[in-house]
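Undergrad: Submitted below is the structure of interest, expressed as structure tokens.
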Amino acid sequence: MSIGSGIKSGVLALSLLVASFGIAQAGCVSKSAQATSYSKASAKWFAMETMVQAVSWGLWPGWVATGVVDGYSVKNEKYKCTSGSDGVTCISWAKFCKK
């Protein structure tokens, strides 16, 4: 599988499971997401992208450009990844706290 087709297949197979666990403390929100792609690194990237979008779509362009979630600190970022016939699937969790 080429990288290009892997990315396409990852995007097409991107399975979004976004959950909000409520406010853990003032100014913080916990998010979770699931993504499938051709590699572990790519699946983690898509999962984080989904969590950033779930916090606010307005944060997405800056995060894609810089990898930084402007105005937020990201705490307890965790991933559980498994390989399968359709690539690598990662479930992610993180807490986003306003600075």
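The values are calculated or read from the model by the stated rules, or taken from the named source; none is laboratory data. These figures come from a predicted structure and were not determined experimentally. Quick reminder, even Gly has a Cβ in these numbers, built from the backbone with ideal geometry, and neighbours come from all protein chains shown.
Undergrad: What pairs can you find where one residue is in the stretch 76-97 and within 17 Å of Val55 (Cβ to Cβ), the other is polar (S, T, N, Q) and in a loop (DSSP other than H, G, I, E, B), and their Cβ atoms are less than 8 Å apart, with a gap of 6+ or different chains?
TA: Partner pairs satisfying both residue conditions: Cys97/Gln25.
Undergrad: Let me ask you something else. Answer yes or no: is there a residue in the stretch 15-22 that is modelled with pLDDT under 90 and assigned to a strand (DSSP E or B).
TA: Looking for residues that are modelled with pLDDT under 90 and assigned to a strand (DSSP E or B), one finds at least one in the stretch 15-22, hence yes.
Undergrad: What's the number of the condition Ser30 fails, among (1) at pLDDT below 50; (2) within 15 Å of Lys98 (Cβ to Cβ)?
TA: It is condition (1) that Ser30 fails.
Undergrad: Take the stretch 26-71 and flag every residue that is farther than 11 Å from Thr89 by Cβ and among the β-branched types (Val, Ile, Thr).
TA: Matches in the stretch 26-71: Val29, Thr50, Val52, Val55, Val64, Thr66, Val68, Val69.
Undergrad: Is at least one residue of the stretch 83-94 in a strand (DSSP E or B), surrounded by fewer than 12 Cβ atoms within 10 Å (Cβ to Cβ) and at pLDDT 95 or above?
TA: yes
Undergrad: Now for a separate question. Taking the condition of being aliphatic (A, V, I, L, M), farther than 20 Å from Lys40 by Cα and assigned to a helix (DSSP H, G or I), how many residues in the stretch 53-82 meet it?
TA: 4
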